[in-house]
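Peer 1: One structure follows; several queries about it will come next.
Values quoted throughout were computed directly from the atomic coordinates according to the rules given, and no laboratory measurement underlies them. Please read all numbers here as calculations on a predicted model, not as lab measurements.
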Amino acid sequence: MTPEALFSLCVFAIVMSATPGPNNAMLLASGVNFGLRRTLPHLLGVTLGFTFMQLALGLGVGLVFEAVPGLYPVLRVLGVAYMLYLAWAIASAAPPLQREPSAAGARPLTFLQATAFQWVNPKALMMCITAASTYAPPDQPVLGAFVVTLAFLVLGMPCCGAWAVLGAGLRGFLQDRRRLRAFNALMALGLVASMAPAIRDMLTGGLF
């Protein structure tokens, strides 16, 4: 990989990891509602889960999507449905004093939940496929897959972590229940809005 291609890859990784999307919206909301320490498993699940998916797709799992054409549309539908559920959970989360230990939305995502979520996250899938097809040299596919994966691992964690830190920093301002409810509703709307491209593609291009 040439220095110019590596620089381009790093810029792509930073921009895609730092811009709003399902992962960052949920990390921001988790930081506000649960604090940075309790959000760390979620953050690690996002980062390492995405890293594993990037490497797997780069090493050839993407061929499965070509061999089974109906698999990706199914994952896309499942992803939209799951994110709608998460948006509802965020919007309906009770303020801290009203929460019960078993209440829906009262716990941050676990490491495994965040890791598994990457496989139904349309933005994450598109990031992986685009990076693998654009920046991995065709004459060195294995080395290219590892370079692309390493770039996202090194640059993606601080970019995503910044959203969790920002959320944790807003906790004091959002101690007021009305502000917290408004914030959660805004994050839920943002999560739904982030699904607009996937929903549009399904409606215009068909589910399968």
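Peer 1: Taking θ as phi - 60°, what are the ³J(HN,Hα) couplings along region 152-167 by the Karplus curve (6.51, -1.76, 1.60), each to the nearest whole Hz, with x for Gly and Pro?
Peer 2: The phi angles translate into 5, 5, 5, 8, x, 4, x, 5, 5, x, 4, 5, 5, 5, 4, x Hz.
Peer 1: From the phi of every residue in region 169-176, what ³J(HN,Hα) in whole Hz does the Karplus formula 6.51 cos²θ - 1.76 cosθ + 1.60 yield, where θ is phi - 60° and glycine or proline is x?
Peer 2: x, 8, 4, x, 5, 9, 5, 5
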